[in-house]
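J.: One structure coming up, written as structure tokens, with questions to follow.
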């Protein structure tokens, strides 16, 4: 699933369309909400694709603010802090094998996962030689779900460039 951000009255091809999948859009809009709440609050459903958005004037205001963040290094600093925080999140139990590292439900058994030989590095890490889970590669743990969402300063710049020429936008 993704967010298709459509320019309302685009002045260039760049302002016609901006897209991010949900993994990239949510942290991008989170950035807008956190760093520029005075503009973000004008969009009630920024994390939804129901047609909400900004008019031309506020799109231009947001574009200017985001480009300033990009050129000043504020966007890079935010991304670095965000990534550092994500790295501190503890691993979580795999929801497929309930943290055992061995998928023993009907599908796992049909696929032979409880008897599957583990790769050497997984066997060394777990202390067993067989019993696998396709959800965690047999480890029983996965990275926190929040680490699936990504953002870099280039995303912020590209959104700002779209905003400069969109003439207002709607999120679909």
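J.: Which of the residues spanning region 90-124 are over 22 Å from residue 148 (Cβ atoms), out of contact with any strand residue (DSSP E or B) (no Cβ under 9 Å at 6 or more places or on another chain) and in a helix (DSSP H, G or I)?
T.: 106, 107, 108, 109, 110, 113, 120, 121, 124
J.: Now for a different question. Determine which single condition residue 157 fails, assuming it passes every other condition in (1) outside the structural domain of residue 67 (by TED's automatic domain parsing); (2) surrounded by fewer than 18 Cβ atoms within 10 Å (Cβ to Cβ).
T.: Result: residue 157 passes all but (1).
J.: Considering every residue within region 102-118, establish whether at least one is loosely packed, with under 12 Cβ neighbours inside 10 Å and within 17 Å of residue 141 (Cα to Cα).
T.: Looking through region 102-118, none of the residues is loosely packed, with under 12 Cβ neighbours inside 10 Å and within 17 Å of residue 141 (Cα to Cα).
The values are calculated or read from the model by the stated rules, or taken from the named source; none is laboratory data. It should be emphasised that the depicted structure is a prediction, and the values quoted were computed from it without experimental measurement. In this analysis, Cβ positions are derived from the backbone assuming ideal geometry, glycine residues included, and neighbour counts consider all displayed protein chains.
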